[in-house]
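Encoded as structure tokens, the structure appears first; notes follow it.
Quick note: the coordinates plus some simple rules give every number you see, no bench work behind them. No experiment lies behind these values; they were computed from the predicted model shown. A quick note on method: Cβ atoms are made from the backbone with ideal geometry, for glycine too, and the neighbour counts reach across all protein chains shown.
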């Protein structure tokens, strides 16, 4: 039977604040060992944008957005609503009315493995959505589904309370258990990259910074002046 | 034999004005019973944008834009040109010269089930196009086709003079016979949504506004505190 | 064995300057006989944008961006880096660190038949990329490939030193041997189009400007007032 | 309101018999002026196969096959059931039980702009289906739709009673009004092709049979022995 | 760190035997509440085919099939090997040599969210593969990944030892905990369908067998003789 | 100007015979250093099938098959006709009449980066085609193109006279200059694989045959009995 779990665990405020401060999706994905990315077909409806927050998970039937209405009530300030479909279907499951309700609750954004509509209004409101398509097709309210149970969304497994980070590059999930350590890795990575960025901006080559020349040579890379030397 | 119909019926000015005043594609589609949407792969070349106007219909052969030149002459101020292909083909059937000609005639925009080019210039000119792709591939002028005959464009049947509404969400067609009554439904819907929007912005839940709780319970939805209660 | 060619021929400065001055992809493609377009799935990460410059070509293995690091060193000011895959693979082969390095060398942009990441930063930096997708997926550095050998990228054959022109409409390649004559054709075409644009803006029809009416009639096009005349 | 039309007009038996006798989809499409093809993504679940018969049309909601059950009752011996979706959705709307019922009524096959399941059993039964995908995903029975009203299926407009011809190449629709004259054109075309086939099999070239050499020369085609003659 | 789990729990032999006896993917999917289907793009390389067995799970890097070699050793007679990618990539990760090894171990088949090659030989050998594509592109052996850890494959979560059922309709996973009860539901469903099949074959309508007429009427379905009655 | 080259160089008969004797596409691709594959969307219209022969190259305009008629005359016994499009377009550019003509000339098959029709007849005739789609859409005869000039087909560069090998796995091209040495590599590879196949069939593991265990350990792969040992 479909079930709504009302009480989920979220990462600590300090951890959330750390991710909120502009840690990008690419960085988070690298820092946790290159996993957790949702499929690249999920695109933000406007750019630039960056959000981070715990996932409220929701499952909907094809052409039916009823459970999104149910999920809204489970959302708290700072959350990110994540919607998966039980069967792939185009359609605009979400529009400006639902967004108004989520904004009233302080929700940061929506990730949905389907279509969204009213995108001009959503953009004006500053409510970000990562979706598979933009489509005005309406939905019905007939079929139950789970809220706050584990889902697979755009190829990634997401548990309620997992940390979602989303920006112009897409969406990544960090399991709540790993959130703190991944944050630390992200920050170390950022510091390291800042240093590299300065060197590269100054004209140094990554071939030298990362000491790649010997390995390239060992693997057999040959440099020649031109194909037809005279 | 290919034919050009020069005299088509358009919806009344008052009706056109009604749709022109910002009635969105999602609203129109809902108000006419969830039909008339063109496929979601038709996307506007810039956003935000909203237009409404009667359709001039045009059929072109693959890789051949000759009939668009013929269709231009049939366009009047306020019209929307809608182009279908007799066989799916990538290509940039339309660019800034044709747009210049349409702008000179007061045409509001183009809907084309194919590619468009010169999109930087079109954006600068403020001439909106909803297309399947952006592609510079040129076309020839060899094959005839119909102008102002019924077409199927991006999966929707469109008759000349039908009302086209297009915005950031996509494109919808309203048959000219239904335009007046659909306008009334749209306006009623907008009024109703305005009310709902205020309630939702104030923190009320759609579960309560639409009285969904009993029906959810009757269908068997269960609320539990957590999966592993202690 | 994989090879890096360090010394390639580039088109003359004057020719490059000619293309740099806003000759669009559609114009170039038409002027060289409707060839040389890369596939339409290559899209710029921001718009509007226009670049032109000689190609540095680079081949990478699936999920491996090592050779891009090698290719950076071969890039000179004004060049465009063009990356092909030996096997189709999603992934973010390129991000803000590599872009910082290319900017330091005066490179104008990147064309890549794969994914790119850090697009918010790249947009802020004003470093344009034409890519197949935007995806944060990381890559490894294990496999060699050629730099500055001929490649097929997005369906088009590209030799090192060929001229790349890229804008909102996509990407086109001009062989270095043809660059000068294509430039002349482009300029002639632009002049001619400017004239046409004025006529069209003044309300003349392309049917008349291009003398199409007789040919349409000869092919059998019929004009009728309406389908159901009374 | 959704409606079921019980009494539709079908083409004459003699006309149906003519199409039934192996007139292929390509021939029919050519004979009626290269129109009427459904999109190429509709593929038969087994090959070789050829059917022809009048269309019973049916509209279903996403993830909902209820109206197929309603449409079955409207099918007579020799008919072809054609199912369109009001919104694109993957799913297996049709399986062996519905096929058993259609076979009991003498229906020749199914054309569906969606998924089908139980294809091993359908193949064994010899009941052909042209579908967009093969997928086991189940559907519900909640939403009404029209039966025997005009539909757009896979990009083609189909009226109830129109003639459907389907084979290994795909599906084509012939309006019932045109069926008789199209049959005559098909037969003429077949006779003509039979003659050509003999000539070609005997080694004559189409360049000569269709007298193309002068036109090719006039358009400027050049024959050269080799690119680098010595 | 990547890990190989050597000791996994498999469903009981009797349960496996039950599924092996021709329970189709559609039936299993329905019997477990319409869940567990892998994406419809996974297609068998030959038809008809039906297998059932416990999953050995394996993760591979893009363009790298090393871990399949590692996974082979973990396979026992009756198992099904299931391979997911850490990043989407075309390529032929599996061919006749690996198949020979799996056949020697009694493995029933392969499910892979990528490409396969040597399909003529695999077909001859009678070793079934459900794959995303058929492609000869070779892979390397450089990157580690997990074997027998939970994976997401073609959109479905799969744990080692879960039951995989695959046939012409696609692939479904049943969690090992549910396997026994799902088997019972499948058998009940089969018995019930057998009865229905006889009724339908005898000409009874599903409208009557399932008592749908009243509900259709209540929802408002109207029957009319024809659109233009005289 | 479009040109037809009548005199091309083909690989030696002995080399062709070597490839003809069942060397598969995967083997050839590996033996020549993992290059030369055409895109995986090219699929044979029937299976199993294997051909090898020199390429006659041909370019056609969108929706226009005129140059195929021209190319037929350039084909000799044993050749493979390879057709590229100047712009992507769906359509059935080739059917049973052209096939009859090619069969009369001893041509082995067709590779076309577009659609094909009459596939039931082609299958009956035993004339293999590798195409992007099967579609009945007709074409015109209006536009010239090159025959026997280098083309890019499905992402691969092909010169006239290059060796084409095609089977159930797809299509690969070998440059005529490399054909002899690639043949030798293929044969060595086949011999080596035959040996491996026997070992694997006998139950030996590739982990041992290829000595992978130490390298896996060195990279850090860990074997554990189970995730939750008691």
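Between the range E:102-159 and the range C:164-199, the alpha-carbon centres lie 49 Å apart. Most simply put, the protein assembly as shown has about 45% antiparallel DSSP beta bridges, counting only bridges with both residues inside it.
One quarter of the convex hull surface, Cα atoms only: what value does that give for the range B:10-50 in nm²?
So the Cα hull casts an average projection of 3.7 nm².
If you take the Cα centroid of the range E:34-58 and the Cα centroid of the range F:1-69, the two points sit 33 Å apart. Distances between copies at residue E:191, taken between label points 7 Å from Cα along the C-beta direction, are 6.0, 6.4, 6.4, 6.8, 9.0 nm in increasing order. Starting from the Cα of residue F:47, move 7 Å in the Cα-to-Cβ direction to define the label point; list residues of the range F:9-29 whose amide nitrogen is under 16 Å from there. Inside the label zone: F:24-27.
For the protein assembly as shown, the alpha carbon positions stretch 90, 87, 58 Å along the principal axes, listed from largest to smallest.
Across identical copies of the chain, residue D:46 has label-point separations of 1.7, 1.7, 5.5, 5.7, 5.8 nm, listed in ascending order, with the point defined 7 angstrom from Cα along Cα→Cβ.
Over the whole of C:35-48, what's the average partner chain Cβ count within 10 Å per residue? Rounded to a whole number, please. Before the final figure, lay out each step's value.
Working: counts 5, 1, 8, 1, 4, 13, 2, 0, 2, 1, 2, 1, 6, 5.
For this peptide, the per-residue mean of nearby foreign Cβ atoms is 4.
In nm, what is the difference between 0.36 nm times the number of residues separating residue C:124 and residue C:196 and their Cα-Cα distance? Intermediate values should be presented prior to the final figure.
On the way: separation 72, 0.36 × 72 = 25.92 nm, distance 3.74 nm.
Using 0.36 nm per residue and subtracting the Cα-Cα distance, I get 22.2 nm.
When a footprinting reagent is the concern and you count Cβ atoms within 10 Å, what order do D:15, A:107 take, fewest first? Each step should come with its number before you reach the end.
Values: D:15 21, A:107 24.
Least to most surrounded, the residues fall as D:15, A:107.
Going from the residue with the fewest nearby Cβ atoms within 10 Å to the one with the most, A:58, A:186 rank A:186, A:58. Semi-axes of the equivalent ellipsoid for chain C, computed as √(5λ) from the eigenvalues of its C-alpha gyration tensor and ordered from largest down, come to 39, 21, 16 Å.
The range E:105-179: percent of C-alpha pairs farther apart than 21 Å? Provide the component values of the computation, followed by the final result.
Values: 981 of 2775 pairs.
That fraction is 35 percent.
With an 8 Å cut-off on Cα pairs and a minimum separation of 6 or more residues, tell me the relative contact order of the range E:37-126 in percent.
Numbers: 140 pairs, mean separation 27.6, N = 90.
Across the range E:37-126, relative contact order equals 31 percent.
GNM on chain E, alpha-carbon springs under 10 angstrom: the most fluctuating residue among E:132, E:13, E:198 is E:198.
Within 10 Å of each Cβ in peptide D:22-34, how many partner chain Cβ atoms are there on average? Round it to a whole number, please. Partner-chain Cβ atoms within 10 Å, mean over residues of D:22-34: 4.
The helix-based estimate of mean residue ellipticity at 222 nm for the protein assembly as shown, built from -39,500 (n - 2.57) per DSSP H run of four or more residues and divided by its residue count, is -9000 deg cm²/dmol to the nearest 500.
Here the simple spin-label model places points 7 Å from the Cα toward Cβ, and for residue A:210 and residue F:17 these points are separated by 5.1 nm.
May I ask you to give the average projected area over all directions of the convex hull of the Cα atoms of the range E:37-174, in nm² rounded to one decimal?
One quarter of the hull surface, i.e. the mean projection, equals 6.6 nm².
Between copies, the label points at residue A:204 (set 7 angstrom from Cα along Cα-to-Cβ) are spaced 5.0, 6.3, 6.3, 7.8, 8.2 nm, reported in nanometres from shortest to longest. Can you tell me the 0 to 90 degree angle between the C-alpha axis of helix B:179-201 and the longest principal axis of chain B, rounded to 10? For B:179-201 against chain B, the angle is about 40 degrees.
The mean number of partner chain beta-carbon atoms within 10 angstrom of a residue's beta-carbon across peptide C:160-167 is 1. Look at C:94, F:19 and count the other Cβ atoms within 10 Å of each Cβ; fewest to most, that gives F:19, C:94.
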